[in-house]
Structure formats: C-alpha cells, structure tokens
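Derivation of every value follows stated rules applied to the coordinates shown; laboratory data play no part. All values reported here derive from a predicted model rather than from experimental measurement. Backbone-built Cβ (ideal geometry, glycine too); neighbour counts: all protein chains shown.
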Amino acid sequence: MDKQELKRLEKILFAMLGRQPDAFGIVLDKGGWVSIKELHQALMKESGVSHITQRGLTQFFSLYRPEQFEWQENYVRVKLELQSPDLTIYKEATPPELLYVSIRPKAHAHVIARGLQTSKNKKWIVLSTEKEMALRIGRRRDKDPVIAEVMALKSNKAGVVFRRAGKVLYLVEGLDPQWMNIPPLPPVREKDKHREPKSSKAKPGSKKIPKGIAAPSLEQIGAFVLRDTPSHIVSSDLDKTKKNKKSRDRDPEWKKARRRRKRGAKNKEPT
C-alpha cells in the first residue's frame, strides 16, 4: 500500500474503533479491544478497503505501527486517551418495541427450540434497531443469515436486561424463543427426501452389478486369494515340484527309457 492508502485505512480504522464502532456493527471488549479477525470481517464490507486481507491488516499494525493504535498479538484498540468517552460502558436501557438479530442457518432449528445463548467466545447477543445492520452482521459468518424480529420491549418488561451499545446496537446475555418471531425452517426438498445416506452411495468410478448377473470371482478380477496354508509353505512345495521336473528333463536318454519301462511294468501288474 502507498502512503495515501495507509492514511485512508488508518482513518477508517480510527472511526471503527475509537469513535462509532456500532455504526460498523462492532462491539468492543472492555478497554476497547477487538480481535483482528472480527475487525477484518467488518472492514471487508467497507468500500475502498474491502480488498485488504486479514494478513495485510495484521501487517499494517505490526509493521506500519500507526501511533493512534495499540496492538497485542491478535487484538487491537485505539489508545485509551483517544477513545470517545464511555465507549465501552454498556449501560442498561429500555429498548424500542422491536429489534433484529441474525441467526446462522445451521443454528436455525436450535434457536427455534431453545433461543439464543452466549458462550465462552461470545459474551453478548448483538441486536440492532435496523434490519439491514442485523443482516450486515450476520453476513460476516454466513452469506444467507436468517433474520428474526425480537419483541424487545415486551421481553424487557418481563425481566430481560438490555444494554445500549451506541445508537443502533443493543446487547443481551440470552433470549428465549418466546420473545422472537423466527422464520420457519425451510421445507425439505423432494429430492432430499429420497437421497440415499452417504454410507450407501457408490464411490466415484465404481460400477453397480445388474440384478441376475453373478459377481466375478476374485481370480477373474486379478485379486489375491488368501489360503489357509501359509504362503511360505505353498511356495516351498511349488519350488520342489519345479526343481524335480527340471532335474528329470536333464537326465540322459537311457535313464528316461528305464523310467518309462518301470511305469509300463507297473501298469501291467494284475489288480
């Protein structure tokens, strides 16, 4: 990146981390920290800087070292003295009547049954006053997120605690399905109903044997056949047979004639 690009990137990152993180769908940790990965996911949706890779963003902080930022391993923040006041203080607040939240399609059925919960890697459930912002946040994890309406005001009156994170974001620690209008699960397609289990599918390149036709023997297809007799004994017997045949072939003619006479005499013996 040239100097102009570096300055442009520094300016937008300062706005994202030091002024209005909620405008970019970002929730900062205590002290204003955010992971490089999450920051890059948000940056990819911004025009003019969407081409920057996560590795390039890491190098921006580690090599360029902009003075307004602090960088530690995989986390970054704007210096405390430069952050807007109360940037990471999320106070309890009364929410509007409706809020919106994004759901990963893989978790769709789970959310319908059990609602939304936080985890070790996810401290807050992030909701937005704008459907478009909820969609924007959801697309960082899945290209087609499910958007659910949250009956925020009703749930708040019932005891659910909401916290304000900027102008457009609200945070909760959990949300039961009764407080959400969740779109139904998509219908199972007809072809999916009749789809064979993976274990029963034939491997690529394999051919099915038509009914009524016997499968070829192992010898016919060139496979090895296991014997009850150990291979070293079988090979030893074969070697002895070959050796005896070769020795007979090398015998002189008079010895071969005598052998033939003996065989003839045995055949003439009365039974």
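In this structure, the amide hydrogen of residue 68, modeled 1.01 Å from its nitrogen in the peptide plane, lies closer than 5 angstrom to no residue at least 5 positions away or on a different chain.
The modelled label-to-label distance between residue 130 and residue 154, using points 7 Å beyond Cα along the C-beta direction, is 2.6 nm. Segment residue 3..residue 50, full-extension length gain: 15.2 nm, with 0.36 nm per residue of separation and the alpha-carbon distance subtracted. Peptides 91-97, 107-113 ordered by packing proxy, namely the average of other Cβ atoms within 10 Å per residue, highest first: 107-113, 91-97. Diffusion of region 98-181 by Stokes-Einstein, at 25 °C in a medium of 0.890 mPa s and with Rh set to the Kirkwood radius over alpha-carbon pairs, works out to 193 µm²/s. Seen from every direction in turn and averaged, the convex hull around the alpha carbons of region 3-82 projects onto 4.8 nm².
Remark on region 1-150: ratio of C-alpha radius of gyration to 2.2 N^0.38 Å is 1.11.
Cross-linked pairs 122/167; 79/154; 3/79; 45/123; 7/123; 37/167: Cα-Cα separations exceed 27 Å for 79/154; 7/123.
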